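Peer 1: Pasting in a structure now, in structure tokens, and then I'll have a few things to ask.
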Amino acid sequence: MNLEIREPDDMHVHLRDGAVLALVLGHTAARFRRAVVMPNLDPPLVTVSQVLTYRERIRSLATGRLDFEPWMTLYLHAQTTVTEIEAAAREPSLIGAKLYPQGVTTQSGSGIHDPLTLLPVYEAMAERDFPLLVHGEDPDPATDPFDREARFIDRTLAPLCRRLPRLRIVFEHITTAGAADFVRSESSRMAATITAHHLLYDRRALFHGGLHPHLFCWPLPKTTGDREALVRAATGGEPCFFLGTDSAPHPQNRKESDCCPAGVYSAHAALELYAEIFEEAGCLGRLEAFASENGARFYHRPLNPGRLVLRKVPWQVPESYPVAADYTLVPLRAGETLAWSVAGREAVQP
Ligand code: NCD
Ligand code: ZN
């Protein structure tokens, strides 16, 4: 069986930098024509010039896929100025600015302690129709880790929406039924990305038979009911939900250490995993809207002209990918067999 769809886009990915960049870029660019690239490098990309230099590094490594287009994001920090936002909004390759509440995830130490304090920056963004991409988790250490998304909606996102009715927002990697409903209630100007791992796994999987570090990510997977609600949101054809893998590699020796960093690596099989989810839900016909249309429409970008073919041909995911002498990468579903494979993207000149 074959499934042919318009070339898809990954609307949330961590390509990283240094030795691992070439590998993850290869995995992403083999499946996606465009990708929204996260700015949480070390140090984070807080100026337009830093973002554009990083973009050049990505482009110089994407030689096998010259048509791959990285869409870049600016990292908001306490000193972000309206002038920086104006410069970012003028750059066609910058697609939005990313809000990390301080301390909620990898490289978020320079994020915003109280996200409601950046109002002039958000106002400048709303004025220029420059979207805000939000890591939606409450940074208060007193908040239970499983409640951080719900608490963020109540304490930060809902007030922000009331203050800024014109700001367009992407609620990244949602994990709860409540978040999906909140996005629906604001869908005239809000959308959400949904990862493959949050569609596949609920929180039981993290602990099944022992602790699984390679499934640990922020936001944490939630209940079975939440996972089912996410599947309904992703496969239901609603334009406010679209594909964003949040593929976030970390070295195997750090993932398997006594203090495991958060992030699931899924770029090696991203589309294949989403195909599995949509097939299981009996909605393969809706994969194209979720993977190739809703995101581009939200960001006011053209749809891709090319096609991509998925085949029901099984393949085995490697146990790990070698990156450097001290860096191997354990992918999602390591050593397991996947039902779908990507036959390749077919580039078409617009
Ligand atoms: C991401 C990373 O490692 O950069 N980690 C994660 O758990 N998702 C950051 C992020 O998107 O939260
Ligand atoms: Zn992310």
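Peer 1: Please work out if residue 59 is buried (at least 23 other Cβ atoms within 10 Å of the Cβ), under 30 Å from residue 288 (Cβ atoms) and either within 14 Å of the chain's Cα centre (by Cα) or at pLDDT 95 or above (or both).
Peer 2: So residue 59 does not fit the description; no.
Peer 1: Now a separate question. Does residue 110 satisfy the criteria of being touching a Phe, Trp or Tyr at 6+ places or on another chain (Cβ under 9 Å) and surrounded by fewer than 19 Cβ atoms within 10 Å (Cβ to Cβ)?
Peer 2: Considered against the rule, which asks whether it is touching a Phe, Trp or Tyr at 6+ places or on another chain (Cβ under 9 Å) and surrounded by fewer than 19 Cβ atoms within 10 Å (Cβ to Cβ), residue 110 comes out as yes.
Residues are listed down the side, and each one gets a yes or a no for (1) in contact with a Ser or Thr (Cβ under 6 Å, 6 or more places away or on another chain); (2) within 22 Å of residue 299 (Cβ to Cβ):
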| residue | (1), (2) |
| --- | --- |
| 77 | yes, no |
| 81 | no, no |
| 92 | no, yes |
| 95 | no, yes |
| 115 | yes, yes |
| 118 | no, yes |
| 124 | no, yes |
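Peer 1: For residue 254, which of the numbered conditions (1) under 18 Å from residue 276 (Cα atoms); (2) within 15 Å of ligand 1 (Cβ to nearest atom); (3) more than 16 Å from the chain's Cα centre (by Cα) fails to hold?
Peer 2: (1)
Peer 1: Quick one: in the range 234-251, of everything that is of a type in the set (Gly, Ala, Ser) and within 16 Å of the chain's Cα centre (by Cα), which residue is nearest to ligand 1 (Cβ to nearest atom)?
Peer 2: Residue satisfying both the conditions and the ranking: 248.
Peer 1: For the range 175-206, which positions are over 20 Å from residue 122 (Cα atoms), within 16 Å of ligand 1 (Cβ to nearest atom), of a type in the set (Gly, Ala, Ser) and in contact with a strand residue (DSSP E or B) (Cβ under 8 Å, 6 or more places away or on another chain)?
Peer 2: Once the filter is applied, which keeps residues that are over 20 Å from residue 122 (Cα atoms), within 16 Å of ligand 1 (Cβ to nearest atom), of a type in the set (Gly, Ala, Ser) and in contact with a strand residue (DSSP E or B) (Cβ under 8 Å, 6 or more places away or on another chain), the range 175-206 yields only 179.
Peer 1: Give the residues of the range 20-47 that are among the β-branched types (Val, Ile, Thr), out of contact with any Pro (no Cβ under 7 Å at 6 or more places or on another chain) and surrounded by fewer than 21 Cβ atoms within 10 Å (Cβ to Cβ), sorted by residue number.
Peer 2: Within the range 20-47, 46, 47 meet the criteria.
Peer 1: Of the residues 122, 75, 100, which is closer than 17 Å to residue 172 by Cβ and away from ligand 2 (no atom under 16 Å from the Cβ)?
Peer 2: 122
Peer 1: Confirm whether residue 17 is modelled with pLDDT of 95 or more, of a type outside the set (S, T, N, Q) and either over 30 Å from residue 342 (Cα atoms) or crowded, with 21+ Cβ neighbours inside 10 Å (or both).
Peer 2: Criteria not met by residue 17.
Peer 1: Same structure, new question: Restricting attention to the range 175-188, and to residues there that are under 19 Å from residue 232 (Cα atoms) and assigned to a loop (DSSP other than H, G, I, E, B), which single residue is nearest to the chain's Cα centre (by Cα)?
Peer 2: Filtering first and then ranking leaves 175.
Peer 1: Quick check on my filter: what residues within the range 30-50 are aliphatic (A, V, I, L, M), more than 16 Å from residue 110 (Cα to Cα) and within 16 Å of ligand 2 (Cβ to nearest atom)?
Peer 2: Across the range 30-50, the qualifying residues are 35, 36, 37.
Peer 1: To continue, here is another question. Of (1) more than 16 Å from ligand 2 (Cβ to nearest atom); (2) within 19 Å of residue 324 (Cα to Cα), residue 14 satisfies all except one. Which?
Peer 2: Result: residue 14 fails condition (1) only.
Peer 1: Tell me the residue from 75, 122 that is more than 21 Å from residue 248 (Cβ to Cβ) and among the aromatic types (Phe, Trp, Tyr), please.
Peer 2: 122
Peer 1: Could I ask something else about it? So is residue 48 under 16 Å from the mean Cα position of the chain (by Cα) and without any contact (Cβ under 8 Å) to a residue 60 or more places away in the chain or not?
Peer 2: So residue 48 does not fit the description; no.
Peer 1: Here's something else I'd like to know. Which of the residues that make up the range 88-116 are of a type in the set (Gly, Ala, Ser) and over 19 Å from residue 36 (Cβ atoms)?
Peer 2: 103, 109, 110
Peer 1: Moving on to the next point. For the range 189-308, please list each of the helices (runs of 4 or more DSSP H) lying entirely inside it that holds at least 1 residues being among the aromatic types (Phe, Trp, Tyr), touching a residue at least 24 places away in the same chain (Cβ under 8 Å) and surrounded by 20 or more Cβ atoms within 10 Å (Cβ to Cβ).
Peer 2: Answer list for the range 189-308: 270-280, 294-298.
Peer 1: Continuing with this model, one more query. Which condition from (1) more than 14 Å from ligand 2 (Cβ to nearest atom); (2) farther than 20 Å from residue 292 by Cβ is the one that residue 237 breaks?
Peer 2: Residue 237 satisfies every listed condition except (2).
The values are calculated or read from the model by the stated rules, or taken from the named source; none is laboratory data. Since the structure is predicted, the reported quantities are computational estimates derived from the model, not experimental observations. Glycine gets a Cβ as well: all are built from the backbone with ideal geometry, and neighbour counts include every protein chain shown.
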